[in-house]
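Where a number appears in this text, it was derived from the coordinates with a stated rule and is not lab data. Treat the numbers as computed from the prediction; the structure is a model and nothing was measured. No Cβ is skipped: glycine too gets one built from the backbone with ideal geometry, and neighbour counts run over all protein chains shown.
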Amino acid sequence: MAVDLRKNHYELFGLPVSFRIDGAALDKAYRDVQAQVHPDRFAHLSDLEKRLSMQWATQVNEAYRVLRSPLSRACYLLELQGIDPALESNTAMSPEFLMDQMAWREAVADARDSAQVAELEALQRRIRGEGKGLEADLEDALDGRHALDDARDLVRRMMFLTKLQHDIDNALEALES
Amino acid sequence: MALLQIAEPGESTAPHQHRLAVGIDLGTTNSLVATVRNGIAVCLQDASGRSMLPSVVRYRSDGQVDVGAVAQAAQAKDPRNTIVSVKRFMGRGLKDVAHVETMPYDFLVQDGMVRLRTTQGVRSPVEVSAEILKVLRQRAEESLGGELTGAVITVPAYFDDAQRQATKDAATLAGLNVLRLLNEPTAAAIAYGLDNGSEGIYAIYDLGGGTFDISILKLSRGVFEVLATSGDVALGGDDFDHRLFCWMLDKAQIAPPSVEDARRLAMRAREAKESLTVNEEASVVADLASGERVSLVISRDDFVAMTQTLVQKTLGPVRKCLRDAGLSPEDVKGVVMVGGATRMPHVQRAVADYFGQEPLTNLDPDKVVALGAAIQANILAGNRSADEDWLLLDVIPLSLGLETMGGLVEKVIARNSTIPIARAQDFTTFKDGQTAMAIHVVQGERELVSDCRSLARFELRGIPPMVAGAARIRVSFQVDADGLLSVSARELGSGVEARVVVKPSYGLTDEEVAAMLREGFDHAGEDMEARGLREQQVEARRVLEATQQALAKDGGLLSDAERDPIDQAMDALENLLASGNAAQIKVGIEALGRVTDEFAARRMDQSIRNALTGRKVDEIKV
């Protein structure tokens, strides 16, 4: 049985529903709420209560995980509006973005194959910069203009950058060992 | 949703009742049991004043089982039936265990797991560990003068699901109610009192007899957050002994020794290692079965030289752990040393050099884990006091995933995710008319299934025939606060639901555990049915008591119409209690659970709201 908290993740933590989030307030709310529902508070009680507490604590951890990262937070906001950003295929993306994707991928593959750690790290910094830019654009699209189609597009770009980021991390880890 | 009782910090549910709870460090070399007495954590001692119980179990040919020092003393005489360092075998297959070839046991493999053939028949590591736990439980009950409410058992943070489940099974077999499996580093941090205003990042360096663990903890405002954990499950003090042992064989030019001689020399090696912690030089004297006398002298410098690679080997996981946490050595505010092997001066020096500061060593490294476990057990048992208002947010040490096409792993839950956690992943059929799907659950970081630990395999059957790709099979993972996984799968696409729930269990199946308990070697004379009834009665009383308290406190959240079914279900359960029928009582408990769903949700909601506005329930109560 899924836990029905009857609230979205923002309401659970008593935070306003927006892409921009007060990180410190989120951390504090997470801890305050988890302190109420965590299984450690229920370890000496009935099996029923232990099980329920685990379900609540699971939900609270999930809410915190989703809201903490900009990408999952943006996806979640779109889902609240009934939009699944991952559902539609990339064919709907602009040709320009698809070209960008290919260029990035090639750059990472080249650097990895020729074991250029410095190049990989430089790419990582550039991608981080791009990510920051996307965050600002998302804030504008979601909180400012309420332009959901634009936001969905931006989320997909961010998904791509995140995947690229992982590829670079893996490549760096492989080169280190 | 049923009824949740909300205990405020500083308020146990039954204020005047102190529940007996213990912390147990089930160690590779030694095990300890501790409790909180008059607000202070202490290790409990045996009749001769020793608190450390050697983790050694001997199965005697006369049917008796010896545990501890007595068993240890018989090691050389009866190596095959005297099991030492059994923790290394918990939830393991034979290929996972280091130095198998030098061990004197008669191993066999059942269901992929290690078992040992002894004079009393085949024993699993779970059963061997249960013997150790039984002795500790008995020690505690005699010392505290009553039945235990429960125990916190510590495990290395790096233990995978198989090893955790095996540990919990052992505790169940020993008749212990497990309040929580607690990670050893977290226990150590609690023992050091790092909760009291110790803000910042701490590293827990734990070099035990058989395992090495490193954890990075973040402490802030009473919250212990494990940021990352790493380690080596086959590296510990025993390996230092082993190096010395090999050196001795080499120096004394002993051809492969007999099993008895090997034991004798291994014991001398350990003594020499311990001596070198305080002395610059140690002498080793051993009489072999042949009558030959081995007499050697080793300097600390030589010992350091032959074991430096082992010390360096611990720093690999340390670096990995810091990288996972996104930190550097200088971010660490303090380093806590755990495990007897950290007494070795060259280990302390290596740690000090790496972190650029002297590690914390003022608590006995052998006892620190048990003491921390006792403090947490006391809290979990409901004896929480106002100044113990902390929260442990632990993580899962290794990623969990599923096998997909081509023997690849699809990760479902990433390592270092905060527990409890649940995650679902959707899959589909790849053949037209496919009605079953094999699900293989694995744990590990590698991409290939063959490089990860296999946790469970099961089949989802009864999928309605559809074209390939039309079925939607959702596989759900749930990891509880003990770090234990359960998996379920169902087909969503057609609206037809097929469902399987698998709880992986290692070394022993649930049925085996139940059967062993039924054999009653621990609860001699007690009928299994009577036990089942008693458990249901206890649970029913707990639920009734909790409901009454909740109604007394927050009954105002309900309208009369909402309250009626609750009162009725309570009356019904009261009546069932007298019936003496375990199954019916269970039904009654579940029925009460159903009608209190909504009430529980409202109460939890209220408690969360109060927490967010920074008020305690007591303060807003009129």
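When B:102, B:596, B:28 are arranged by Cβ crowding within 10 Å, least crowded first, meaning fewest neighbours, the order is B:102, B:28, B:596. The fraction of Cα-Cα pairs per 10 angstrom bin, counted from 0 for the stretch A:27-134, comes to 12, 24, 25, 20, 15, 5 percent, rounded to whole percents. For chain B, the longest principal axis of the Cα atoms and the long axis of helix B:560-579 meet at an angle of about 60 degrees.
Debye-formula intensities of the stretch A:95-176, expressed as log10 I(q)/I(0) at q = 0.12, 0.13, 0.24 Å⁻¹, are -0.39, -0.45, -1.09 (one equal scatterer per alpha-carbon, no solvent). Count Lys and Arg as plus one, Asp and Glu as minus one, and take only other residues whose Cβ is under 13 Å from that of residue B:72; the net charge is then +3. Listed cross-link partners B:168/B:553; A:163/B:313; B:87/B:273; A:50/B:411; B:134/B:218; A:7/B:586 are compared with a 29 Å cut-off, the Cα-Cα value being larger for B:168/B:553; A:163/B:313; B:134/B:218; A:7/B:586. The reciprocal of the average 1/r between distinct C-alpha atoms defines the Kirkwood hydrodynamic radius, which for the stretch B:321-424 equals 17.4 Å.
Using Cβ point charges alone (K and R +1, D and E -1), the dipole size of the protein assembly as shown about the Cα centre works out to roughly 720 debye. For chain B, the relative contact order works out to 16 percent when only alpha carbon pairs closer than 8 Å and six or more residues apart are counted. Taking the C-alpha atoms only, the angle from helix B:125-144 to the longest principal axis of chain B is near 80 degrees.
When the Gaussian network model of chain A links Cα atoms closer than 10 Å, the mean-square fluctuations of A:161, A:148, A:80 top out at A:80. Straight-line cross-link partners of residue B:77 among the aspartates and glutamates, defined as a Cα under 12 Å from its Cα and at least 8 positions apart when in the same chain: B:260, B:261. Legend: calculated FRET efficiency, residue B:583 to residue B:144, from the Cβ-Cβ distance at R0 = 41 Å, rounded to 0.05, equals 0.75. Loop-located GluC sites (Glu not before Pro) across the stretch B:271-307 with a Cβ neighbour count of 13 or fewer within 10 Å are B:280, B:292, with loop assigned by DSSP. Rounded to the nearest Hz, the phi-derived 3J(HN,Hα) couplings of the stretch B:108-117 under the Karplus curve 6.51 cos²θ - 1.76 cosθ + 1.60 (θ = phi - 60°) are 9, 10, 10, 6, x, 10, 5, 9, 10, 8, where x marks glycine and proline. The three principal axes of the C-alpha atoms in the protein assembly as shown carry coordinate ranges of 89, 77, 59 Å, sorted with the longest axis first. Take chain A, connect every pair of alpha-carbon atoms lying under 10 Å apart with a spring to form a Gaussian network, then pick out the residue of A:86, A:24, A:115 with the largest mean-square fluctuation. Comparing A:86, A:24, A:115 in the GNM, the peak value goes to A:24. Computed from Cα positions, the angle between helix B:510-519 and the longest principal axis of chain B comes to roughly 80 degrees.
Which net charge results when you count Lys and Arg as +1 and Asp and Glu as -1 among the other residues whose beta-carbon is under 11 Å from that of residue A:63? Here the count lands on +2. Among the trypsin sites (Lys or Arg not before Pro) in the stretch A:1-85, those located in a DSSP loop and surrounded by at most 14 other Cβ atoms within 10 Å of their own Cβ are A:6, A:7, A:20. Ellipticity at 222 nm from helices only: DSSP H runs of n ≥ 4 in chain B, each -39500 (n - 2.57), divided by the residue count, give -11500 deg cm²/dmol.
Helices assigned as whole DSSP H runs in chain A whose Cα atoms extend at least 18 Å along their own long axis and whose mean Kyte-Doolittle hydropathy is -1.0 or higher are found at A:23-37, A:47-68, A:95-113, A:117-139, A:148-176.
Charge tally around residue A:74: other residues with Cβ under 13 Å, Lys/Arg +1 each, Asp/Glu -1 each, net -3.
Per residue, the convex hull spanned by the Cα atoms of chain B amounts to 182 cubic angstrom. According to the Kirkwood relation over distinct C-alpha pairs, the hydrodynamic radius of the stretch A:9-68 is 12.0 Å.
Loop-located chymotrypsin sites (Phe, Trp or Tyr not before Pro) across the stretch B:231-303 with a Cβ neighbour count of 12 or fewer within 10 Å are lacking, with loop assigned by DSSP.
Net charge dipole, the stretch A:9-68: roughly 120 debye, given to the nearest 20, about the Cα centre with Cβ charges of +1 for Lys and Arg and -1 for Asp and Glu.
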